[in-house]
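Structure first, then comments.
The values are calculated or read from the model by the stated rules, or taken from the named source; none is laboratory data. Everything numeric in this text was worked out from a predicted model, so none of it was measured. Here the Cβ is made from the backbone with ideal geometry for all residues, glycine too, and neighbour counts use every protein chain on show. Protein only, heavy atoms only, side chains kept; ligands, DNA and RNA dropped before computing areas. Shrake-Rupley method; radii C 1.70, N 1.55, O 1.52, S 1.80 Å.
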Amino acid sequence: DSGVTQTPKHLITATGQRVTLRCSPRSGDLSVYWYQQSLDQGLQFLIQYYNGEERAKGNILERFSAQQFPDLHSELNLSSLELGDSALYFCASSATSSLLVLFFGQGTRLTVV
Amino acid sequence: TQLLEQSPQFLSIQEGENLTVYCNSSSVFSSLQWYRQEPGEGPVLLVTVVTGGEVKKLKRLTFQFGDARKDSSLHITAAQPGDTGLYLCAGDHRDTGNQFYFGTGTSLTVIP
């Protein structure tokens, strides 16, 4: 158990819909990272938050957005969903340290039909 | 474009064989990590290497960081079915604001 909690574990939704994925980081970790993992793209970095503020942005589509709340949990919002958005979405957290170590949640499997 | 390229992409070997997985980049990383991911789970950290030329051993797994800190290798001795999984290298790339990049992954299957 990494200490990172993601909900829901599975999500099936239709094209054009909007969903919200939730992540609770490990106790004390200020940084939250979101990754998308699909079969043909590997693990792609989407976005990072640190203590409520956006720290780094990767290959995140404009239809996707995220935020980190004062209690440090984070949400990833995916809108106008397309079939190609079907993937595993992982959240990871890290402690504040010069050496970066990521602890991953179990992921949310999103299926867009 | 992938910052970290892993090879081979797929590997299927018999129990007891040795294998090496490579992680290569043209960029310098301040640290590099190896993760293992099992189906339906998130990646789990195996090791972190920081110093160029560093070698770390974890039971039957040996990790090496290249002298120039651009590449790494993972060697498994006498592979066992429990080693089956997706192996991912990941690098801390200071130039991009401390982003953490993952490699393309190596899917290992060890056949009993």
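Charge dipole of chain A (Cα centre as origin; +1 on each Lys and Arg Cβ, -1 on each Asp and Glu Cβ, all else neutral): 120 debye, rounded to the nearest 20. Here B:Glu5 sits with roughly 90 square angstrom of accessible surface, probe radius 1.4 Å. Take each residue of peptide B:74-82, count the partner chain Cβ atoms within 10 Å of its Cβ, and average: the result is 0.
Relative intensity of the stretch A:56-113 on a log10 scale, I(q)/I(0) at q = 0.14, 0.17, 0.19, 0.24 Å⁻¹, equals -0.49, -0.70, -0.86, -1.21, per a Debye sum over C-alpha point scatterers of equal strength in the absence of solvent. Counting protein heavy atoms only and a 1.4 angstrom probe, how many square angstrom of accessible surface do chains A and B bury in total, to the nearest 100? For chain A against chain B, roughly 1500 Å² becomes buried. Counting only lysines at least 8 places from B:Lys57 when in the same chain, those with an alpha carbon closer than 21 Å to its own are B:Lys70. For chain B, take N as its residue count and report Rg(C-alpha) divided by 2.2 N^0.38 Å. This ratio for chain B stands at 1.02. Centre-to-centre, using Cα atoms only, the stretch A:62-113 and the stretch A:1-60 are separated by 1 Å.
Which three numbers, in whole Å and largest first, are the semi-axes of the equivalent ellipsoid of the protein assembly as shown derived from its Cα gyration tensor as √(5λ)? Spell out each step's value before the answer.
Numbers: eigenvalues 172, 85, 48 Å².
Largest first, the protein assembly as shown gives 29, 21, 15 Å.
Taking each pair of different alpha-carbon atoms in chain A once, compute 1/r for the pair, average those values, and report the inverse of that mean as the Kirkwood hydrodynamic radius in Å to one decimal.
On the way: mean 1/r = 0.0718 Å⁻¹.
In chain A this quantity evaluates to 13.9 Å.
Compute the Rg to Rh ratio over the stretch B:41-104 from the alpha carbon atoms, using the Kirkwood formula for Rh, and round to two decimal places.
Details: Rg = 12.8 Å, Rh = 13.0 Å.
My calculation puts Rg/Rh at 0.98.
Please compute the average number of Cβ atoms from other chains found within 10 Å of each residue's Cβ in peptide A:31-39.
Working: counts 2, 0, 2, 0, 4, 0, 7, 0, 0.
The per-residue average across the peptide is 2.
Solvent-accessible area per residue in chain A equals 48 Å², computed with a 1.4 angstrom probe and all protein chains kept.
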